[in-house]
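Engineer: Okay, handing you the structure first.
Where a number appears in this text, it was derived from the coordinates with a stated rule and is not lab data. Predicted, not measured: the structure shown is a model, and the values here were computed from it. Ideal geometry is used to build each Cβ from the backbone, glycine not excepted, and the neighbour counts take in all protein chains shown.
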């Protein structure tokens, strides 16, 4: 049976995917038996990417209009006092979340392959973890030749 990709294409759907992956990885590891260090690294990567996609990126987008307004004031504004630039303050990291080194998503994808090679891995576990895509029910059109 053909399946769709498991990783969400829509950026807005990714924070939930990262959260579910981290939670389910911890939940299913007693069955999977992955090394504790590898498990901790994968969970740390997932919660870091959840923070970035759910909190940090939206905050940077919200800051964009303030940057534009500041530039407009600098170009065409009036006044005698020097301008004070607005500062971007990122949302605080949630408890237990730490900044990770670059490449977290690729590390997660590699770890997914490791998970799928575990002797006790099953499609049921994969579906719960979000690492098996939905069944592709679309029908490919058969070309017609004249």
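Engineer: Relative contact order (percent) for the chain, with alpha-carbon contacts under 8 angstrom and 6 or more residues of separation?
Structural biologist: Details: 121 pairs, mean separation 62.5, N = 146.
Result for the chain is 43 percent.
Engineer: Could you give the nm distance between label points at residue 145 and residue 12, where each point is 7 Å from its Cα heading toward the beta carbon?
Structural biologist: 4.4
Engineer: Regarding the range 2-146, what is the average projected area of its C-alpha convex hull, in nm²?
Structural biologist: Projected over every direction and averaged, the Cα hull of the range 2-146 covers 15.7 nm².
Engineer: Angle, helix 57-76 long axis vs. longest principal axis of the chain, Cα atoms, 0 to 90°, nearest 10?
Structural biologist: Helix 57-76 sits at roughly 20 degrees to that axis.
Engineer: Name the residue, out of 55, 106, 75, whose mean-square fluctuation peaks in a Gaussian network model built on the chain with Cα pairs under 10 Å.
Structural biologist: Result for the chain, Cα springs under 10 Å: 75 fluctuates most.
Engineer: Taking the chain as the reference, fit the longest principal axis to its C-alpha atoms, fit the long axis of helix 14-32 to the helix C-alpha atoms, and give the angle between the two in degrees, 0 to 90, nearest 10.
Structural biologist: 40
Engineer: Another question about this same structure. How far is helix 36-51 tilted, in degrees, relative to the longest principal axis of the Cα atoms in the chain, given as a value from 0 to 90 rounded to the nearest 10?
Structural biologist: Orientation of helix 36-51: about 40 degrees from the principal axis.
Engineer: Under 10 Å, Cα contacts only: if you run a Gaussian network model on the chain, which one of 91, 102, 15 comes out with the highest mean-square fluctuation?
Structural biologist: 102
Engineer: How big, on average over all directions, is the shadow cast by the Cα convex hull of the range 33-113, in nm²?
Structural biologist: Details: hull surface 30.1 nm².
For the Cα atoms of the range 33-113, the hull's average projected area reads 7.5 nm².
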